[in-house]
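Asker: Sending over a structure as structure tokens; questions will come in a sec.
Readers should treat all values here as calculations from the given coordinates under stated rules, not as data from a laboratory. Because the structure is a prediction, the values reported are computed rather than measured. Cβ placement follows ideal geometry from the backbone for every residue including glycine, while neighbour counts extend to all protein chains displayed.
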Amino acid sequence: MANPPILIFDGDCSFCKYWVNRWKRKTAGKVNYVPYQEVPDNFEGISKAQFQRSVWLITADGRRLKAAAAVFELLRIGGTGTWNQIYHRVPLAGKVFELGYRLIANNRNLFYKLTKLFFRDV
């Protein structure tokens, strides 16, 4: 049996931890979640600097996805494939989603506050 996918995230980031807790419920044991602080240097050929910049999903078949692509594949694993289909099939959608991801990643504290304001379930 293949190893389950692994999502690697910033374990020191409140925004990241909040969303990982939500995603854990959605994926119901189908994905392992590991803070990048707990993986060895250059894990899967990915540097610590790259892990600090975005989430990474290492799929069961060995693909390495980052940022929005990783999130939408994670949601697909959890049973919500619509965003993943839009990302891959709608022209320019992937670029727009990646820009949105970068905006959020570069302003995590602000978006954590907004998340807590609008999502009160975790």
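Asker: How large is the dipole of segment 1-121 about the Cα centre if only Lys and Arg carry +1 and Asp and Glu carry -1, each at its Cβ, rounded to the nearest 20 debye?
Answerer: Dipole of segment 1-121, to the nearest 20 debye: 440 debye.
Asker: Would you look at the GNM of the chain, springs on alpha carbons closer than 10 Å, and say which of 95, 30, 17 moves the most?
Answerer: 95
Asker: Still on this structure: May I ask what percent, to the nearest 5, of DSSP beta bridges between residues of segment 6-118 are antiparallel?
Answerer: Taking every DSSP beta bridge with both residues in segment 6-118, the antiparallel ones total about 60 percent.
Asker: Let me ask something additional. At 222 nm, what value in deg cm²/dmol follows for the chain if DSSP H runs of at least 4 each add -39500 (n - 2.57) and the sum is divided by all its residues, to the nearest 500?
Answerer: -15500 deg cm²/dmol
Asker: Same structure again: Could you put 25, 108 in order, starting from the residue whose Cβ has the fewest other Cβ atoms within 10 Å?
Answerer: 25, 108
Asker: Now for a different question. Could you order the peptides 6-16, 60-70 from most to least packed, using the average number of other C-beta atoms within 10 Å per residue?
Answerer: Answer by packing, highest mean first, reads 6-16, 60-70.
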